[in-house]
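Presented below is the structure to which this report refers.
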Amino acid sequence: MSREHILDVRGLEPPEPLERALDAAAALQPGERLRMIHSREPCLLYPLLAKRGFQHLAEAKAEDHHEILIWRRGDAEAAPFGLTQ
Amino acid sequence: MSLPSGLSFAQAPPITVPFRFFLSAPLFALLAALLALWFGPSLMDSRWQPSVLALTHLMTLGFLTMAMVGAMMQMLPVIAGSPVAHAVGVARTVHLLLVPGVLFLAGGFLWGWPWPMRLAMALLGGGLLVFAIAVGVSLMRAASDNPTVIGMRFALAALAATATLGLILVSNFSWKWWLVGWMRVTNLHLTWGLLGWVGLLVIGVSYQVVPMFQLTPAYPKLLTRWLARALFALLLLWSALWLLPEAKAQEQAALAVGLAAVAVLAAFALATLRLQSQRRRKQSDVTLLFWRFGMASLLLALVLGVAGQAMRVAGNAPGENFMAAFLFIAGFAVSVVNGMLYKIVPFLIWFHLQSLLMGVAKVPNMRQIMPEPGMRRQMWLHFLAVPLLSLSALWPPLIYPAALLFGASMVLLEFNLMSAFRVYRKHAKLAPKTDPQIT
């Protein structure tokens, strides 16, 4: 079972949400993933994550509630739903 | 749910795409300020003078459109999820056509020569056409339920209307053909430009950037759904009325539609001020103050605009409304663009450095990229310039201190933007040379 860290960045001023997500992602241990909660989809975070070797999966729970799962590429234990690609 | 994909860097066009526009814009406003100093109080003699026409277009095309084009190309991938194809080539082409186009247009007005006007027609027509096609395609692909996308589509249509009417007027100016009702065409041109292109774009973009950067609650759904649509429909109706033969009833109907359009814009300004008063963070911020100032100026411009129109229809009016024009262009439009530049520019620099440096070196924060004291100094110059400009409509000699302050404010804006860009270049040099995907 993978361990999940919650990072709620709602109400923070740009670029703080991205900064915090990148820091939290960098601190992930093997088998861990990050669940980022944001009030909009952080489109510009994705290329930064990809470049640093992270994968993500985004889901809109509501118009102002987006959850983004972030894990290290190749970390099968941390990947949600057994996603390895 | 979106599956992780091999995300392309199309989400973020290279930094030069918006920056070439952002860094050019204040120079045109500075040129406008210098022209105002040169012509002085005579500017207020009539709005139809070549000097006023040159000055207006340096502001609306040179400053506002320049910055708005750059911002739209940057924002489309992020807020509409739909990047502009061939962004680098499009930006370079549009910029290289617009810059000389605005200069030739202003020069043509000033000297009254037809050849710079004809050149300006080709350059501006070509530049805006390339922009409209590139951005139009991107907007067609974007999700239609996004109120910002809807606002941007209407704004682009308004730009097309403004540009077409402008080209008709310039061709009339440079070939001297017989144009029925060129005063009406001019009024249509400026209304589509100011209320349509500027007003609709500011409305559409605000839905995203005000909550995001000013940390306010979201705009009410009712507003985001209807404001831009209503304003666009009213502009269409208003234009249709002007095609009817001149009569008292037609004038009154046009005034009623104009009033409704003003009410839409006023609702937007009031909603924005209200949201700003509900923001979570209490400390003031340069962008917030620029936007408050902008919304207050917009409200005042609308009141004066309505009063002027009503007096004209009642038959006892000057027909000139310099104060409303100063408040709308310098007080409202320049303020919101200026305020937004202070968020977008440092944010983009931060983002591109974050992407380039990848932990090789520390990325400077927003305040280090764009220091607060410099922004505040420029903001106060602008806040002093706008009331003086507006009052110069009543007492024309005030144009001298007003233009001096406005020009100084634009010099400082350019300096602040250039300093931020220098921070980018200095840090970008530290990047590992292997990955040229984002620069």
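Every number here is computed from the coordinates shown, using simple stated rules; none is lab data. If you're wondering where the values come from, they're calculated on a predicted model, not measured in any experiment. Please note: Cβ atoms are built from the backbone with ideal geometry, for glycine as well, and neighbour counts cover all protein chains shown.
Here are the numbers for the structure shown:
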{"quantity": "Acute angle (nearest 10 degrees) that the helix B:221-243 long axis makes with the longest principal axis of chain B, alpha-carbon atoms", "calculated": "40 degrees"}
{"quantity": "Of all DSSP beta bridges in the stretch A:3-82, antiparallel share, percent nearest 5", "calculated": "70 percent"}
{"quantity": "Dimensionless Rg/Rh of chain B - Kirkwood Rh, Rg from C-alpha atoms", "calculated": "0.96"}
{"quantity": "Label-point separation in nm, B:Ala296 to A:Asp64, each point 7 Å along Cα→Cβ", "calculated": "2.7 nm"}
{"quantity": "Cβ-placed point charges (K, R +1; D, E -1), dipole of chain B about Cα centre in debye, nearest 20", "calculated": "1060 debye"}
{"quantity": "Sequence-distant residues sharing a close amide H with A:Phe54 (under 5 Å, placed H)", "calculated": "A:Arg73"}
{"quantity": "Residues with amide H under 5 Å from that of A:Arg40, placed H, sequence gap 5 or more", "calculated": "A:His66"}
{"quantity": "Percent of beta bridges antiparallel (DSSP, the protein assembly as shown, rounded to nearest 5)", "calculated": "70 percent"}
{"quantity": "The stretch B:283-432: proportion of alpha-carbon pairs further apart than 26 angstrom, %", "calculated": "39 percent"}
{"quantity": "Principal axis box of the stretch B:88-211, alpha-carbon based, largest edge first, Å", "calculated": "46, 34, 23"}
{"quantity": "Cα-based radius of gyration of the stretch A:3-82 once divided by 2.2 N^0.38 Å, which approximates compact folds", "calculated": "1.00"}
{"quantity": "Förster radius 30 Å - calculated FRET efficiency between B:Arg47 and B:Leu273 (Cβ-Cβ, nearest 0.05)", "calculated": "0.55"}
{"quantity": "Partner lysines for B:Lys362 [C-alpha distance under 30 Å; skip if fewer than 8 residues away on the same chain]", "calculated": "A:Lys51, B:Lys282, B:Lys343, B:Lys426, B:Lys429, B:Lys433"}
{"quantity": "Chymotrypsin sites (Phe, Trp or Tyr not before Pro) lying in DSSP loop within the stretch B:163-219, provided at most 10 other Cβ fall within 10 Å", "calculated": "B:Trp177, B:Trp178"}
{"quantity": "Using θ = phi - 60° and Karplus 6.51 cos²θ - 1.76 cosθ + 1.60, couplings along the stretch A:7-18 (whole Hz; Gly, Pro as x)", "calculated": "10, 9, 10, 5, x, 9, 8, x, x, 4, x, 5"}
{"quantity": "Anchor B:Lys221: aspartates and glutamates whose Cα lies under 20 Å away (excluding residues fewer than 8 positions away in-chain)", "calculated": "A:Glu41, A:Glu63, A:Asp64, B:Asp145"}
{"quantity": "Separation of the B:Leu384 and B:Leu129 label points, Cα + 7 Å toward Cβ, nm", "calculated": "4.6 nm"}
{"quantity": "For the stretch B:418-433, 3J(HN,Hα) per residue [Karplus equation, 6.51 cos²θ - 1.76 cosθ + 1.60, θ = phi - 60°, Hz, x = Gly/Pro]", "calculated": "5, 4, 5, 5, 5, 4, 4, 5, 4, 6, 4, 5, 7, 5, x, 7"}
{"quantity": "Exposure rule at most 16 other beta-carbon atoms within 10 Å, DSSP loop GluC sites (Glu not before Pro): chain A longest free segment", "calculated": "A:1-62"}
{"quantity": "Order of A:His5, B:His427, A:His56 under a 10 Å beta carbon neighbour criterion, fewest first", "calculated": "A:His5, B:His427, A:His56"}
{"quantity": "For A:Asp8, distant residues with modelled amide H under 5 Å away", "calculated": "A:Ile37"}
{"quantity": "Longest DSSP-loop-exposure-free segment, trypsin sites (Lys or Arg not before Pro), chain B, at most 14 other Cβ within 10 Å", "calculated": "B:1-175"}
{"quantity": "Karplus-derived 3J(HN,Hα), 6.51/-1.76/1.60, for each residue of the stretch A:60-72, Hz, glycine and proline x", "calculated": "8, 7, 7, 4, 10, 9, 10, 10, 10, 8, 10, 8, 6"}
{"quantity": "A:Arg52 paired with A:Gln29, simple spin-label distance in nm, labels 7 Å along Cα-to-beta-carbon", "calculated": "1.9 nm"}
{"quantity": "Fewest-first sequence of B:Val170, B:Val130 by Cβ atoms within 10 Å of each Cβ", "calculated": "B:Val130, B:Val170"}
{"quantity": "Neighbour-count order for B:Asp285, A:Asp8, fewest beta carbons within 10 angstrom listed first", "calculated": "A:Asp8, B:Asp285"}
